[in-house]
Amino acid sequence: MTITYDDLLTASSDTHGQDIVDPATGERVGRIRFRTVDELDAVIDDARRAQPAWAATTDDERRTLLLHAADAIDAAAEPLAEILSREQGKPLNGPNARFEVGACSAWLRATAATELPVETVYSDEKTHAELHYKPLGVVGAIGPWNWPMMITTWQIAPALRMGNTVVVKPSEYTPLSVSALINVVNGVLPSNVVTSVAGEGALGARLSSHPDIAKLMFTGSTTTGQNIIKTSADTVKRLTLELGGNDAGIVLPDVDPAAIATDLFWGAFINTGQTCAALKRLYVHTDIYEAVCTALVEVARTMPMGRGLEEHNILGPLQNRAQYDKVSHLVDAARESGATIVLGGDPDPTAAGNFYPTTLVADIDNDNPLVTDEQFGPALPIIRYENLDDAIAMANGLSFGLGASVWSSDHEHARNVASRLEAGTVWINSHGGVHPMIPFGGIKKSGYGLEFGAEGLKAVSAPQVITWATTPDGNHTTETTMVRRQL
Ligand code: NAD
């Protein structure tokens, strides 16, 4: 049976709930009821009860169910993309809503395929030790509004694979998208194995302090991450914190500006700049500074922005008014400080929706707030440098450490520069690409913990060492403790 947009929206919403509006038009997309803390507690209790039976399934059974969930997402891909486009604002086309839904099924399949064998961590003539990975229990998953379906999938897929049940708290800005995704996944999973609970930040705070939540996967701002560290302390909860970023890119003088301009553009402006690991500060050598600015302007002018349901658009609105106001304020302040707005910076105040034009800002100082704050929108500051050591110092000068990039035609030189950058990922001649088998995570105030691949599975598991004494020929012995043997 084909799932339609109306079916999915009806199943995921609640006519008595809060209005969720389309950021492109201000029109209502749907309604969803925000849950109370007591209702969240009841969901956590259901997840706790469901977990032993889920953990008792075999790894092969869970892999198979993840593959079926991926198939179910593919079968509902178009209505899922439409809900996402209307609620989040991102266009259907380009690296946006359809791309995001496709990433959800791709990540589920890759997670199902990832191997995590028992590791022999030590073995000699006296001792053998193995490292096993076991379920933790109930995992909490709190997400942001920029890539709501994809980030939810990043959180739930490894947790489910490892035998945990999951309670998801989506952003209050994008609960319909996540609810729709979870409804589709729940078409193939047993009851209460994964549940989405819509609501405000208070629900996230409850998840982070609840004694039955063994681990919290959080993706969002650094400030909220800091709060979660505090509220999770009493229960000594395990945390994966994917927090804010202010990624630097360094362009060396040996590149062809026209050849890299499109990749630079998408590094900075994917999802209209609302991406954690987007390029948010661009450092360009003075020899090619004007040429890079010109090439970026030429590319940016070819990228249509507008309502996401119109197929020709590949950039959308900012998801919410607070984000629009933040970007406007930062660009206005940069202009007043004497920076040059080489493109954009002139939103139409009469337009419906949160559209802020693609904006490039040159001749800007490194301590300008457009450079030092995470703008999280379509406004890229381009900073001139003469000396590479200065550029590296400026790139490393902030407290963020999510991603960074180096752009050069000399691969060895680029690798050398990459190794000097303080970031969880450094891309060479691209920026922001992620892959389900390549670990991803931040350092400094961008958080801690890794997602994806085997590292991502380990992060949602309880490590357990099993060890025994051995004889010189490798057999186990009846010796009772290693300590006695050492004595
Ligand atoms: P946010 O921190 O405001 O909200 C994120 C989530 O936390 C929401 O679901 C919110 O309801 C919840 N929340 C609010 N208060 C809480 C509390 N006290 N305890 C627990 N949960 C609480 O972030 P946002 O504005 O939705 O997202 C944008 C930010 O997310 C940016 O800084 C961006 O860089 C970051 N981000 C990081 C990554 C990454 O992988 N590192 C990915 C995407 C977004």
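Of note:
- Number of residues in the stretch 64-88 that are within 20 Å of Ile20 (Cβ to Cβ) and open to solvent by less than 10 Å² (accessible area, probe 1.4 Å): the value is 8.
- Residue match in the stretch 328-336 (condition: touching a helix residue (DSSP H, G or I) at 6+ places or on another chain (Cβ under 9 Å) and part of a loop (DSSP other than H, G, I, E, B)): no
- Test: residue in the stretch 368-380 that is more than 16 Å from the ligand (Cβ to nearest atom), outside any strand (DSSP E or B) and over 20 Å from Phe440 (Cβ atoms): yes
- Residues that are out of contact with any Cys (no Cβ under 9 Å at 6 or more places or on another chain), over 14 Å from Ser405 (Cα atoms) and open to solvent by less than 50 Å² (accessible area, probe 1.4 Å) within the stretch 428-454 comprise Pro436, Phe440, Gly441, Gly447, Gly449, Glu451, Phe452, Gly453, Ala454, listed in sequence order.
- The single condition among (1) open to solvent by 10 Å² or more (accessible area, probe 1.4 Å); (2) of a type outside the set (Phe, Trp, Tyr); (3) closer than 18 Å to Gly267 by Cα; (4) not assigned by TED's automatic domain parsing to the domain that holds Thr262 that Gly424 does not satisfy is (4).
- Which listed residue is of a type in the set (D, E, K, R) and near the ligand (Cβ under 8 Å from one of its atoms), from Lys237, Lys169, Lys230: Lys169
- Failed item in (1) within 16 Å of the ligand (Cβ to nearest atom); (2) crowded, with 24+ Cβ neighbours inside 10 Å; (3) not in a helix (DSSP H, G or I), with Pro91 passing the rest: (1)
- Taking the criterion of being open to solvent by less than 10 Å² (accessible area, probe 1.4 Å) and either within 10 Å of the ligand (Cβ to nearest atom) or in a helix (DSSP H, G or I) (or both), the residues of the stretch 264-288 that qualify are Leu264, Phe265, Gly267, Ala268, Phe269, Asn271, Thr272, Gly273, Gln274, Ala277, Ala278, Lys280.
- When each of Val255, Val299 is tested for being in a loop (DSSP other than H, G, I, E, B), more than 16 Å from the ligand (Cβ to nearest atom) and more than 13 Å from Gly94 (Cβ to Cβ), the lone residue that passes is Val255.
- Residues in the stretch 235-244 that are part of a strand (DSSP E or B) and of a type in the set (A, V, I, L, M, F, W, C): 2 in all.
- Matching residues in the stretch 182-225 - criterion: being open to solvent by less than 50 Å² (accessible area, probe 1.4 Å), away from the ligand (no atom under 13 Å from the Cβ), over 17 Å from Glu242 (Cα atoms) and in contact with a strand residue (DSSP E or B) (Cβ under 8 Å, 6 or more places away or on another chain): Ile182, Val185, Val193, Val194, Thr195, Ala214
The values are calculated or read from the model by the stated rules, or taken from the named source; none is laboratory data. What you see is a predicted model, and the numbers here were worked out from it, not measured in a lab. Using ideal geometry, Cβ is built from the backbone for each residue, glycine included, and neighbour counts are taken over all protein chains shown. Quick note on the areas: whole protein, heavy atoms, side chains included, nothing else; ligands and nucleic acids left out. Shrake-Rupley method; radii C 1.70, N 1.55, O 1.52, S 1.80 Å.
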